[in-house]
1. Compute the signed sum of charges (Lys and Arg +1, Asp and Glu -1) over the other residues within less than 15 Å, Cβ to Cβ, of residue 77.
2. Using a simple spin-label model with points 7 Å from Cα along the Cα→Cβ vector, what separation in nm is obtained for residue 111 and residue 44?
3. Working from Cα positions, state the angle (0 to 90°, nearest 10) between the long axis of helix 56-69 and the longest principal axis of the chain.
4. Put +1 on the Cβ of every Lys and Arg and -1 on every Asp and Glu Cβ in the chain; which of 102, 74, 33 then has its Cα farthest towards the positive end of the dipole?
5. At residue 79 and residue 138, where each label point lies 7 Å from the Cα along Cα→Cβ, what is the point-to-point distance in nanometres?
6. Mind pulling up the Rg/Rh value for region 31-105? Radius of gyration and Kirkwood radius, both on Cα.
7. Just rank 90, 128, fewest to most, by other beta-carbon atoms within 10 angstrom.
8. If I stretch the segment between residue 55 and residue 99 completely, what's the gain in nm (0.36 nm per residue apart, minus their alpha carbon distance), one decimal?
Amino acid sequence: MSMTGDSPMQSLIQRFFQLLAQRDLNNLSELFADEVDWHIPGNEAVAPWLGRRKSRQEVRDCYQLLWQNTEPLSATVDKVFIDQEDAVISGEFSTKMLQTGQIVNSLFFIQIGIKDNLIVTYKLLEDSYAVSVALTESPKND
């Protein structure tokens, strides 16, 4: 992902994806405010990293759960739309579910809002149905 300029939002998004790729939990969680409006819709009973979170610690716990249960295979950011302290990011990812070995390929859209250079809103839309299916079905042997 390449962005020009140095707005606070652009810098934060670049840092966010860098730390996410490195799975740097300590520094990644520091990008979030103490109170967060976080939501990744989906079946929380099957994928416990989905759902709502309200604090930096809950976000940290979410990433721990995600990283314990998945292996990222690829990710691309297609577009980043910024309006002052709000952004929408679109892209695609491919992730292996470690429990079943199934691979999920999905588009994603992330809405991020910042205040005082910290993330206060994080909403991720992905194919959470495919995630649920991948976690409940065994790989097919051809």
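A short reminder: the numbers here are calculations on the coordinates, not readings from a lab. This is a predicted model, so every value here is computed, not measured. All Cβ positions, glycine included, derive from the backbone under ideal geometry; neighbour counts span all protein chains shown.
1. Details: positive: 15, 79; negative: 78, 92, 126.
Net charge around residue 77: -1.
2. 1.9 nm
3. Helix 56-69 sits at roughly 30 degrees to that axis.
4. Positive-most Cα among the choices belongs to 102.
5. Inter-label distance under the simple model: 4.3 nm.
6. Numbers: Rg = 13.9 Å, Rh = 14.0 Å.
Here the Rg-to-Rh quotient is 1.00.
7. Numbers: 90 15, 128 19.
Sorted ascending by nearby Cβ count, the order is 90, 128.
8. Values: separation 44, 0.36 × 44 = 15.84 nm, distance 2.73 nm.
Going from the current span to full extension adds 13.1 nm.
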